[in-house]
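Below is one structure, written out as structure tokens; comments come after it.
The values are calculated or read from the model by the stated rules, or taken from the named source; none is laboratory data. In this text the structure is predicted, and so the values were computed from the model without any measurement. Here Cβ is always computed from backbone atoms with ideal geometry, including for glycine, and neighbour counts include all displayed protein chains. For the accessible areas, the whole protein counts, side chains as well, though only heavy atoms, and no ligand, DNA or RNA atoms are used. Shrake-Rupley method; radii C 1.70, N 1.55, O 1.52, S 1.80 Å.
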Amino acid sequence: MTDTEGMADRNALAEFLRTRRNRLRPSDVGLPDGINRRAPGLRRQEVAQLAGISVDYYIRMEQARGAKPSRQVLAALARALMLTVDEREYLFRLGDENPPTVAGPNRTVPQSVRIILDTLGSPAYVVDASYEILAWNRSAVPFVGDLDAHPDHERNMVRWMFLLPADHPNWSDEAIERFARSTIADLRAAYARYPGNPDLARLVTELLGTAPRFAEMWNSHDVEVRRGHHKRIDHPQLGLLDFECEVLHIADTDQRMIVYCATPGTHTAAVFRTLTTESGRPR
């Protein structure tokens, strides 16, 4: 990196810190608002105190002077300024550091997402990056089962899929085979995003030892992010169903909402409408 590039980064870092500091009120970080503030936002001294660094050091950063901040300082500033995940990553990039890795898949479903599940007229459920089903509506029960009857650790779609017997009829379906390969490629991408996560490591280790088909797909090292696909299934109670399986990525959580979308006026659309009417409010 040249001196010019370094100065440009320090200027951008200084501007970013100033804007993040000015958007916060003292009450946002547990400090009294006071009555003698002539400008909005936190004072530099307050940010330095919250981050556990010297005031002079922080002032030099906002003035685009001084040495390159360490990872520890950047992490402390991210906490002090209450940065979002995206803002924290941006701060680390400005500081010429790789952003810290996230410990593991987020399993807290936002309330707004639960409201969307409540109001959908189609089967839908939410999974995390390891394919644990976290939330679902009642019209999804005929497809994913009565998950209330199972503990959380038994709600993993990958485990269900690959613990089927090798001679199960599903494995003769080319669409299911493609879906399985795509799922494993997506799981491998998550495995790289969360290095050392014990839950993901446990799942992969278990299936490598118990499911030869999983091992074969895993060892192909394919990587991709989950996208939508077409599904045609012969449901034992609902009959032949034809629909799009759309995958909606939920911001800031690495979760996905899987929604079954049927063409209006079709038999499948009528079935989904009946399921929604009869099922009542979702789980």
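Annotations for the structure displayed:
- Averaging the sequence gap over all C-alpha pairs within less than 8 Å and six or more residues apart, then dividing by the number of residues, gives the chain a relative contact order of 17 percent.
- Rounded tilt (10° steps) of 85-94 against the dominant C-alpha axis of the chain: 50 degrees
- Label zone at Thr274 (point 7 Å along Cα-to-Cβ), backbone N below 14 Å, the stretch 208-244: 235-242
- Most mobile of Arg60, Arg273, Arg226 in a GNM of the chain (Cα contacts under 10 Å): Arg60
- Range of Cα positions in the stretch 80-157 per principal axis (Å), largest first: 50, 26, 18
- As a ratio to 2.2 N^0.38 Å, the alpha-carbon radius of gyration for the stretch 92-206 is 1.24.
- Most mobile listed residue (Gln255, Gln49, Gln237) in the chain, GNM with C-alpha springs under 10 Å: Gln237
- In the stretch 180-283, the portion of solvent-accessible area held by carbon and sulfur atoms comes to 54 percent [1.4 Å probe, whole percent, DNA, RNA and ligands not counted].
- Accessible area of the stretch 124-176 belonging to carbon and sulfur atoms, whole % at 1.4 Å probe: 55 percent
- Cβ-Cβ FRET estimate between Arg202 and Asp148, R0 fixed at 41 Å, reported to 0.05: 0.95
- Taking Cα atoms only, the orientation of helix 174-193 departs from the longest principal axis of the chain by about 20 degrees.
- Comparing Ser182, Ser130, Ser70 in a Gaussian network model of the chain (Cα springs below 10 Å), the most mobile by mean-square fluctuation is Ser70.
- Normalised per residue, the accessible area of the stretch 25-70 is 64 Å², obtained with a 1.4 Å probe and no contribution from ligands, DNA or RNA.
- Per residue accessible area of the stretch 143-283, 1.4 Å probe, in Å²: 56 Å²
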